[in-house]
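Read through the structure below, which is laid out as structure tokens, and then see the notes.
The values are calculated or read from the model by the stated rules, or taken from the named source; none is laboratory data. What you see is a predicted model, and the numbers here were worked out from it, not measured in a lab. With ideal geometry, Cβ positions are generated from the backbone for all residues, glycine too; neighbour counts draw on all protein chains shown.
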Amino acid sequence: QEEIFGPVLVVIKVKDDEEAIDVANNSDYGLAGGVFSTNINRALNVAKNVRTGRVWVNTYNQVPEGAPFGGYKKSGIGRETYKAAIENYQQVKNIYIDISNETKGLY
């Protein structure tokens with residue numbers, strides 16, 4: 001497993017959300033991920049349990065100004081665009097939810 005950058009779509013058949021979370025977390029890296037679902041509670045549960053520094057829900061690659069950015073595990077070197085250096089020693093998660101029902105591209 002290597003950390004790669006670029007839009008990558010992986011499709012793996014799983015039996016339930018728990019297995020999907022296990023598959024996503026079975027990596028040495030955890031920069032970012034995306035969850036798409038019509039059930040917001042289900043999407044939030046997955047977003048909270050995936051070990052990545054940023055999780056987009058029903059959108060992808062939207063970056064609000066000032067939102068913390070950085071990965072978990074071997075991804076990154078701490079947090080960028082965030083106000084306190086001490087937070088580099090904590091695990092921060094950013095969950096961004098698009099509730100507009102508008103179709104948006106990746107970039």
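Take the residues of region 1-18 that are β-branched (V, I, T) and at pLDDT 85 or above: which is surrounded by the most Cβ atoms within 10 Å (Cβ to Cβ)?
Only one residue tops the list, namely V14.
Tell me, which residue of region 19-69 that is under 18 Å from Q90 (Cα atoms) and hydroxyl-bearing (S, T, Y) is modelled with the lowest pLDDT?
In this case the residue turns out to be Y29.
Could you tell me which numbered condition G71 fails, if it satisfies all but one of (1) under 15 Å from the mean Cα position of the chain (by Cα); (2) within 20 Å of G105 (Cβ to Cβ)?
(2)
Could you check, for region 70-92, whether at least one of its residues is at pLDDT below 95, touching a Pro at 6+ places or on another chain (Cβ under 8 Å), exposed (fewer than 15 other Cβ atoms within 10 Å of the Cβ) and assigned to a loop (DSSP other than H, G, I, E, B)?
yes
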